[in-house]
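**Student:** Below is a structure I'd like to ask you about.
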Amino acid sequence: MYLNREAITGMEFTQEDLPGQIFPLFLETRSVKANGNGLYTFFLQHRPGAGSELAPGMNVLVTLRYAEPGEGLWRIPVNALVERQGTSWVWVLSEGEVHARQVETTHEISGGKVTVIRGLETGEEVVTGGQFLLEEGRKVRPVKESSPSNVGHIL
């Protein structure tokens, strides 16, 4: 699981006393170092609603969903995400103009990046700065990447 953590697209669980119900799980945290057995600990969280029939100590069956082989997964800086009405969006640059695109991400942030599992296509450029100043169709120019000799990325 740890080796394929970037390909996890969702987590959920079922409980045998509540047939037909599927409950979402969210990654709370994970250990970054393996224990003495070479295993990594993942802490998952369920956010029950009012009137939940679940109780602490109940056994559950956890299911992890992974991206299909060949299905695109993209790692983008978390600051590229914009929240709109409870959903995640990014600005995609196309032919010098920006367009808002709804995306679906995993819930794990690692190294300042999040994995996008739906909503982007291979080769698309995502805006990573100034998102709150943009509007649909606005013309923009990408900033050139700093050269390796530009220590501190000032120039």
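The values are calculated or read from the model by the stated rules, or taken from the named source; none is laboratory data. Remember, it's a predicted structure, so these values are computed and weren't measured experimentally. Every residue, glycine among them, receives a Cβ derived from its backbone with ideal geometry; neighbour counts consider all protein chains shown. The accessibility values were calculated without ligands, DNA or RNA, using every heavy atom of the protein model including side chains. Shrake-Rupley method; radii C 1.70, N 1.55, O 1.52, S 1.80 Å.
**Student:** Across region 32-59, what is the number of residues that are among the small types (Gly, Ala, Ser) and touching a strand residue (DSSP E or B) at 6+ places or on another chain (Cβ under 8 Å)?
**Tutor:** Final tally of qualifying residues: 0.
**Student:** Right, something else. Among Leu93, Leu64, which is the only one that is closer than 14 Å to Arg5 by Cβ and in contact (Cβ under 8 Å) with a residue 24 or more places away in the chain?
**Tutor:** Of the residues listed, the single one that is closer than 14 Å to Arg5 by Cβ and in contact (Cβ under 8 Å) with a residue 24 or more places away in the chain is Leu64.
**Student:** At least 1 residues that are open to solvent by 100 Å² or more (accessible area, probe 1.4 Å) in each: list the strands (runs of 3 or more DSSP E) lying fully within region 28-136 that qualify.
**Tutor:** Result: 42-45, 61-66, 82-84, 97-110, 113-118.
**Student:** Would you pick out the residues in region 132-155 that are under 10 Å from Glu97 (Cα atoms) and either of a type in the set (Val, Ile, Thr) or modelled with pLDDT under 70 (or both)?
**Tutor:** Result: Val140, single match.
Table: residues versus (1) of a type in the set (D, E, K, R); (2) touching a Lys or Arg at 6+ places or on another chain (Cβ under 7 Å).
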position	(1), (2)
Phe42	no, yes
Glu53	yes, no
Val60	no, no
Thr63	no, no
Asn79	no, no
Gly86	no, no
Val98	no, yes
Val116	no, no
Gln131	no, no
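**Student:** Exactly one condition in (1) surrounded by 15 or more Cβ atoms within 10 Å (Cβ to Cβ); (2) at pLDDT 90 or above is not met by Asp17; state its number.
**Tutor:** Among (1) surrounded by 15 or more Cβ atoms within 10 Å (Cβ to Cβ); (2) at pLDDT 90 or above, the lone unmet condition for Asp17 is (1).
**Student:** Something else: Out of Val82, Val78, report the one residue that is closer than 23 Å to Gly137 by Cβ and modelled with pLDDT of 85 or more.
**Tutor:** Matching residue, one of Val82, Val78: Val82.
**Student:** For Thr41, indicate whether it is of a type in the set (Ser, Thr, Tyr) and either in contact (Cβ under 8 Å) with a residue 24 or more places away in the chain or more than 17 Å from Ser110 (Cα to Cα) (or both).
**Tutor:** No, not satisfied.
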